[in-house]
Amino acid sequence: MAYSNKVIDHYENPRNVGSMDKNDDNVGTGLVGAPACGDVMRLQIRVDDDGKISDAKFKTFGCGSAIASSSLATEWLKGRTLEEATKIKNRDIAEELNLPPVKIHCSVLAEDAIKSAIEDFRRKQKAKRALQTQTQDDPEPAQEAQETPNAPSEGKRSLPIVSSQPER
Amino acid sequence: MAVNLPIYMDYSATTPVDPRVLEEMMPYFSEKYGNAASRSHAYGWTAEAAVEAAREKISAFLGGSSGKEVVFTSGATEADNLALKGVADYYASKGNHIITTTIEHKAILDTAKRLRKQGFEITYIPVDRQGLVDPDEIRKAITDKTILVSVMLANNEVGTIQPLEQIGAITREKGVLLHTDAVQGLGKIPFDVTRTHADLVSISAHKMYGPKGIGALWVRRSKPRVRLVAQMDGGGHEFGMRSGTLNVPGIVGFAKAVEICEQEMAQESERTKTLRDKLRHGIQDHLEEVNLNGSIEHRLPGNLNLSFAFVEGEAMMMAIKDVAVSSGSACTSASLEPSYVLKAMGVGDELAHSSIRFGIGRFTTEEEVDYVAKLVVEKVRKLREMSPLYEMYKEGIDLKSVQWAAH
């Protein structure tokens, strides 16, 4: 299969490969796809206090188009607000990379990864706020709050949350 | 010595025409261009003589008793079609049951599928983790309605060599015809229609350093005499089993390719096996979690099929783009389905998606093998650094315990 030059460029020089601490409250992690289907993407964003994405990292198991889609997504995410980040659509990625029809699912997966990372970040923030409110009301049951399903408990490594994908 | 890029390491897909074969073919394009079916002039007689000599040579190579047992076709796909459909049509009154395996080439599987639509019953014998068929399973599957058993000599993806002699003993005992698609194994491992009791054999020239576009179906003529209904109607060529003007240059090249294999097979297979093992160790000794797919013991000398865990096959092929190999994962097609052969062997989808087939052959050099081994190790390491699955594996997370969202 002939790849576009942009895919080859991202594949050979992937941007922002790496990991961030998924237990960090300012980090949102999206892990989508399945090994059995031949592609898994993990996309992470670090969100500053002003609500802007200051950093983005990815790791991808998948074909060249999947790697390029996630690499491009991290490039586009940096500097955006969360609201702006949600506007990145699979169509934009597919267009930018000139993906052939059989590889469109790679761009869909990248969009899912973005959404999933944002959701994870928002969930963490909500849990953090809930924890702070509770702590203000009553300093005692802080321990209990950690048991709520949305709050990542420290010490115990939680498995990454895998988002479900839209039907196609 | 420097290597020339790209490196061809896909000898199971096709092989280059040996220069000795090409040389033999040339006059049949330019000077001796007669139609082998022309009985009225010297051009025809010359072509016919060349074709008849080729028949004898090819049949003898298979252990046959007569050149008349060779029915030339456009290739092995046509030979497979002719064997299954031709036997099914001729013996339909005797029975409607055909037995084959789950790892056959698509030319068999899709033909069987069509026959099923026409009312035939097809039994698919599974293979074990090593990619081998158990002859006992075939014995158990045979009924009084069974007319044909079709089992490949060696698999095209994982190179596993099937126990044809044992299978042939069973089919002969039960009075059932045995067909084998011998394309991958012929010229690389010894094969003989007497020892295997094969009644029909599909062969192809381009897998053994001959030209593309020529193959044959060997059809036993005595004990038992196998009958077929032709699937191509016309001038009644090839003993009425396959009409169409013969591809004389192709046939001449095919015979020369067979002659070279006959003379050099033992030595060549030893050499390709040594190179194959060198490639395997050059990769496996330097990388963790690299699995060999298929039996090492019952395997074609030039075949190496490896799964690189945590790395996707197509990305891998892109990383080693200067090396021509195949991915067991058919991700390049719209289907996104991993190899049905690996799945039939019980290789998990994730490892099936991570598999690469290396094919070593006559013109592969040791320098090329060294180069490829080094390149593969380097690229797998790079891709694993990029793989979330490798990171999770390194953290001790059992990937099977993760609830993945299938898509």
Can you pick out the pairs among A:Lys103/B:Lys400; A:Lys52/A:Lys126; B:Lys343/B:Lys400 whose Cα atoms lie more than 24 Å from each other?
A:Lys103/B:Lys400
For chain B, set up a Gaussian network in which alpha carbons nearer than 10 Å are linked by springs, and say which option among B:Thr100, B:Thr46, B:Thr14 fluctuates the most.
B:Thr46
Obtain the radius of gyration and the Kirkwood radius of the range B:19-260 from its C-alpha atoms and give Rg over Rh.
0.98
Largest-first ellipsoid semi-axes for chain B, taking √(5λ) over the Cα gyration tensor eigenvalues, angstrom
38, 27, 17
How large is the convex hull of the C-alpha atoms of the range B:249-353 per residue, in Å³?
157 Å³
With N residues in the range A:5-118, what two-decimal value do you get for its Cα radius of gyration over 2.2 N^0.38 Å?
0.97
√(5λ) per eigenvalue of the Cα gyration tensor, the range B:191-291, largest first, Å
37, 17, 15
In chain B, whole DSSP H helices that both stretch 27 Å or further along their axis by alpha carbon positions and average at least 1.0 on the Kyte-Doolittle scale are none
Computed label-point distance, nm, for sites B:Ala405 and B:Ser30 using a 7 Å Cα→Cβ extension:
6.5 nm
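Using a probe of 1.4 angstrom, how much of the accessible area of the range A:5-118 is carbon and sulfur, in percent?
Numbers: 1690 of 3920 Å².
Carbon plus sulfur share of accessible area: 43 percent.
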Cross-link pairs B:Lys188/B:Lys394; B:Lys223/B:Lys256; B:Lys113/B:Lys212 - those with Cα-Cα distance over 31 Å:
B:Lys188/B:Lys394
So what's the gap between the Cα centers of the range B:205-284 and the range A:39-115, to the nearest angstrom?
50 Å
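Beyond 25 Å, what percent of the Cα pairs of the range B:70-213 remain?
20 percent
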Accessible-area ranking of A:Ser65, B:Ser93, B:Ser327, B:Ser30, largest first, probe 1.4 Å
B:Ser93, B:Ser30, B:Ser327, A:Ser65
Round to the nearest 10 and report in Å² the accessible area of B:Glu48, as given by a 1.4 Å probe over the protein chains' heavy atoms.
50 Å²
Under a crude label model (7 Å from the Cα following the beta-carbon direction), how far is B:Arg227 from B:Ala324 in nanometres?
4.5 nm
Under the 0.36 nm per residue contour assumption, what length would be gained going from the current alpha-carbon distance of B:Lys278 and B:Lys68 to full extension?
71.3 nm
Neighbouring partner chain Cβ atoms per residue of B:383-393, average, 10 Å criterion
6
Report, in whole Å, the centroid distance computed from the Cα atoms of the range A:1-17 and the range B:168-202.
48 Å
In nm, what is the difference between 0.36 nm times the number of residues separating B:Glu173 and B:His298 and their Cα-Cα distance?
42.5 nm
Nearest 100 Å², what total accessible surface is buried between chain B and chain A (probe 1.4 Å)?
3100 Å²
Kindly report the accessible area of the range B:201-302 per residue (heavy atoms of protein chains, probe 1.4 Å, no ligands, DNA or RNA), in Å².
42 Å²
Please report how far the C-alpha centroid of the range B:341-391 lies from that of the range B:108-137, rounded to the nearest whole angstrom.
29 Å
Ordered by number, the residues of the range A:86-117 with at least 20 Å² less accessible area in the assembly than alone (1.4 Å probe) are A:Val102, A:Lys103, A:His105
How large are Rg and Dmax for the range A:32-97 when calculated on the C-alpha trace, in angstrom?
12.4, 39
For A:Lys78, tell me the accessible area in Å² from a 1.4 Å probe, rounded to the nearest 10.
80 Å²
Shape descriptor, the protein assembly as shown: equivalent ellipsoid semi-axes (Cα gyration tensor, sqrt 5λ, whole Å, largest first) stand at 56, 26, 21
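Rounded to the nearest 0.05, what FRET efficiency do A:Ser19 and B:Arg114 have when you use their Cβ-Cβ distance and R0 = 60 Å?
So the FRET efficiency works out to roughly 0.70.
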What lysines does B:Lys374 reach when the alpha-carbon gap must be under 17 Å and sequence neighbours fewer than 8 apart in one chain are set aside?
B:Lys278, B:Lys321, B:Lys382
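The values are calculated or read from the model by the stated rules, or taken from the named source; none is laboratory data. Treat the numbers as computed from the prediction; the structure is a model and nothing was measured. For neighbour counting, all protein chains shown are included, and Cβ atoms are generated from backbone atoms with ideal geometry for every residue, glycine included. For accessibility, only protein heavy atoms count, side chains too; no ligands or nucleic acids. Shrake-Rupley method; radii C 1.70, N 1.55, O 1.52, S 1.80 Å.
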